[in-house]
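The values are calculated or read from the model by the stated rules, or taken from the named source; none is laboratory data. Values in this document were obtained by computation on a predicted structure and should not be read as measured data. Here the Cβ positions follow ideal geometry from the backbone for every residue, glycine too, while neighbour counts run over all protein chains shown. The accessibility values were calculated without ligands, DNA or RNA, using every heavy atom of the protein model including side chains. Shrake-Rupley method; radii C 1.70, N 1.55, O 1.52, S 1.80 Å.
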Amino acid sequence: MKPTIEEALDQCIEQIRNGASIETALTAYPEFADELRPLLATGCELAALPAPPLTLHGLMRKLSRAARPE
């Protein structure tokens with residue numbers, strides 16, 4: 001059975017997480033390559049960004065939880 005574009009995307013993401021390049025991951029799905037390439041490139045760029053800093057609200061929640069007795 002032919003994979004859907006969603007299945008192809010999932011498989012490509014898994015391959016990239018395991019160290020494959022975008023182009024290598026896309027070789028298994030040439031019929032979807034033109035559509036998936038920009039999505040995968042954007043995903044890789046986002047994954048490379050540093051985690052956002054903790055906001056004041058987030059810090060206050062964290063401290064509030066830590067102060068609660070168990």
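Here are the numbers:
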{"item": "Within the accessible area of the chain (1.4 Å probe), percent carbon and sulfur", "result": "60 percent"}
{"item": "Rounded FRET efficiency, nearest 0.05, which uses the C-beta distance separating Leu49 from Ala28 and R0 of 25 Å", "result": "0.40"}
{"item": "Overall form of the chain per C-alpha gyration tensor (a/c, 1.5; a/b vs b/c)", "result": "prolate"}
{"item": "CD proxy at 222 nm, helix term only [per DSSP H run n ≥ 4: -39500 (n - 2.57); per residue of the chain; nearest 500]", "result": "-20000 deg cm²/dmol"}
{"item": "Residue-normalised accessible area of the range 9-70, expressed per residue, 1.4 Å probe, Å²", "result": "81 Å²"}
{"item": "Label-to-label distance, nm, for residues given as Asp10 and Leu56 (7 Å Cα→Cβ offset)", "result": "4.3 nm"}
